[in-house]
Amino acid sequence: MKTLRTITHRTLLAAGLAVGLSVAASASATTWRGWNIHSPGYPNSVALKHFAQTITKKTHGDIQATVYNNAVLGDQTDAIQQVSNGAINFANFNMSPMGQYVPKTDILSLPYLFNSVKQMHHVMDGPIGDQFAADMKKKGLVVLSWFDSGARSFYNSKHPITKPSDLKGMKIRVQDNDLYVDMVEALGGNATPMPFSDVYQALKNGVIDGAENNYPSYKETNHYEVAKYYSEDDHLIIPECLCISKISWDALSAKDQKIVRQAAVAAAKEQRRLWAKDSREAKKYVANHGAKINKIKNLKPFQDAMKPVYAKFYKAHPDQKALVQKIRNTQ
Ligand code: GTR
């Protein structure tokens, strides 16, 4: 859970960074701060760094863009608001917590919505993705491109999961979105929403029994050390966005908007390429360092268990049923 100390610490740090930067930048240059949850070397971090460097280079230093890694500017939910209100200029966000801020994107957090990563890309790179971007723009976030984040599965410190009842009674960390609470409860577990950076300690201290994520994050966070059973149920294939604050975007000339957009498209291309490689390598790495991986062959019981999650979602958003169908029909 987010403590007051964490918020105060991060807010002060963010303010300090902002002051330091405005002193360092030349009088006429615009300083841009970018939020990133990951550590240097992670596929997203590498692509974001090149995005920032390209902008600085191609605007001949008129925009001095810098990425702040490891969520030092705040946790993801805070950062979404900060980009929206212009306190942070750009960011790479996972679409999971976005649903709380832009409800029309919540549909992306429905378990087993997509049947493959490839299909997710087709959807997000087409008119449906454009519609999500339009909804986000109304909330102050301009989507420039879509990143990959593979498929997420459950992992825990107790035993392998092969059927939904194996999750019974387990305390599972989820991201900040009510749909994930419904999802874990539908499987018989207890969902505990908490920021990404707190999960390792919580697993280590036994405050939670498990969490869920993709291989690159499972490796990056060292969660495999304290929750070694990784069971591939692929319950969530969720995209990520590279976005810029609408306030920053509107302040740009048409020429600079073109530079920024092109840099973002190139960043997504690079991120997806690095992602595919890193996912394979991360899986091998964790397996060689003690993780016990099992692929769940029969996903039907997991998919069937999600029926109440969908029913509740449709009750709250009857208009979204057609969109679910449209997404599923996009191959
Ligand atoms: C990662 C994702 C992060 C964050 C994290 C989490 O896979 O890239 O943006 O959403 O998962 O679980 O909090």
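Being assigned to a helix (DSSP H, G or I), crowded, with 17+ Cβ neighbours inside 10 Å and away from the ligand (no atom under 15 Å from the Cβ) is the filter here, so list the residues in segment 84-105 that pass it.
Passing the criteria: SER84, LYS104.
Mind counting the residues in segment 269-309 that are under 25 Å from LEU48 (Cβ atoms) and touching a Ser or Thr at 6+ places or on another chain (Cβ under 8 Å)?
Within segment 269-309, residues that are under 25 Å from LEU48 (Cβ atoms) and touching a Ser or Thr at 6+ places or on another chain (Cβ under 8 Å) number 1.
Quick check on this structure: which one of THR54, THR66 is under 16 Å from GLN257 (Cα atoms), touching a residue at least 24 places away in the same chain (Cβ under 8 Å), more than 16 Å from the ligand (Cβ to nearest atom) and β-branched (Val, Ile, Thr)? Quick ask: steps written out before the conclusion?
Working: THR66 fails: under 16 Å from GLN257 (Cα atoms).
After ruling out the rest, the residue left standing is THR54.
Taking the condition surrounded by fewer than 15 Cβ atoms within 10 Å (Cβ to Cβ), under 20 Å from LYS137 (Cβ atoms) and of a type in the set (Ser, Thr, Tyr), does SER248 pass?
no
Do we have VAL184 as more than 10 Å from the ligand (Cβ to nearest atom), among the β-branched types (Val, Ile, Thr) and more than 25 Å from SER45 (Cα to Cα) here?
On the way: more than 10 Å from the ligand (Cβ to nearest atom): yes; among the β-branched types (Val, Ile, Thr): yes; more than 25 Å from SER45 (Cα to Cα): yes.
Yes, satisfied.
Is it the case that segment 260-280 has a residue that's of a type outside the set (Ser, Thr, Tyr) and assigned to a loop (DSSP other than H, G, I, E, B)?
In the first step, residues of segment 260-280 are kept if they are of a type outside the set (Ser, Thr, Tyr); the result is 260-278, 280.
Okay, now just the ones that are also assigned to a loop (DSSP other than H, G, I, E, B), so none.
No.
Could you please find all residues in segment 189-228 being among the acidic types (Asp, Glu), more than 10 Å from the ligand (Cβ to nearest atom) and buried (at least 21 other Cβ atoms within 10 Å of the Cβ)?
Of everything in segment 189-228, just one residue is among the acidic types (Asp, Glu), more than 10 Å from the ligand (Cβ to nearest atom) and buried (at least 21 other Cβ atoms within 10 Å of the Cβ), namely ASP209.
With the structure loaded, tell me whether LEU113 is touching a residue at least 40 places away in the same chain (Cβ under 8 Å), assigned to a helix (DSSP H, G or I), outside the structural domain of ALA316 (by TED's automatic domain parsing) and under 23 Å from MET183 (Cα atoms) or whether it fails that test.
no
I'd like the full set of residues that are buried (at least 18 other Cβ atoms within 10 Å of the Cβ) and not in a loop (DSSP other than H, G, I, E, B), limited to segment 122-141.
Answer for segment 122-141, where residues must be buried (at least 18 other Cβ atoms within 10 Å of the Cβ) and not in a loop (DSSP other than H, G, I, E, B): VAL123, MET124, GLY129, PHE132, ALA133, MET136, LEU141.
From the list TYR229, TYR215, TYR200, which residue is among the aromatic types (Phe, Trp, Tyr) and out of contact with any Lys or Arg (no Cβ under 8 Å at 6 or more places or on another chain)? Talk me through it step by step, then tell me what you get.
Numbers: TYR229 fails: out of contact with any Lys or Arg (no Cβ under 8 Å at 6 or more places or on another chain); TYR215 fails: out of contact with any Lys or Arg (no Cβ under 8 Å at 6 or more places or on another chain).
Selected residue: TYR200, the only one of TYR229, TYR215, TYR200 that is among the aromatic types (Phe, Trp, Tyr) and out of contact with any Lys or Arg (no Cβ under 8 Å at 6 or more places or on another chain).
Identify all residues within segment 273-282 that are buried (at least 18 other Cβ atoms within 10 Å of the Cβ) and either more than 20 Å from TYR229 (Cβ to Cβ) or touching a Lys or Arg at 6+ places or on another chain (Cβ under 8 Å) (or both); write none if there are none.
Within segment 273-282, LEU274, TRP275, ASP278, ALA282 qualify.
When you scan segment 34-77, how many residues do you find that are touching a Ser or Thr at 6+ places or on another chain (Cβ under 9 Å) and under 22 Å from VAL174 (Cβ atoms)?
So the answer is 11.
How many residues, within segment 61-73, are out of contact with any Leu (no Cβ under 9 Å at 6 or more places or on another chain) and either crowded, with 19+ Cβ neighbours inside 10 Å or of a type in the set (A, V, I, L, M, F, W, C) (or both)?
Matching residues across segment 61-73 total 2.
Pull up segment 22-60, narrow it to residues that are surrounded by fewer than 15 Cβ atoms within 10 Å (Cβ to Cβ) and in a helix (DSSP H, G or I), then point me to the one that is modelled with the lowest pLDDT. Break it down into steps so the answer makes sense when it comes.
If we filter segment 22-60 for residues that are surrounded by fewer than 15 Cβ atoms within 10 Å (Cβ to Cβ), which is where we start, we get 22-24, 26-28, 39-41, 53, 57, 60.
Applying the additional criterion that residues be in a helix (DSSP H, G or I) yields 22-24, 53, 57.
On the way: SER22: 41, VAL23: 38, ALA24: 47, GLN53: 98, LYS57: 98.
The extreme case among them is VAL23.
The values are calculated or read from the model by the stated rules, or taken from the named source; none is laboratory data. Model, not experiment: these values are computed from the prediction. Every residue, glycine among them, receives a Cβ derived from its backbone with ideal geometry; neighbour counts consider all protein chains shown.
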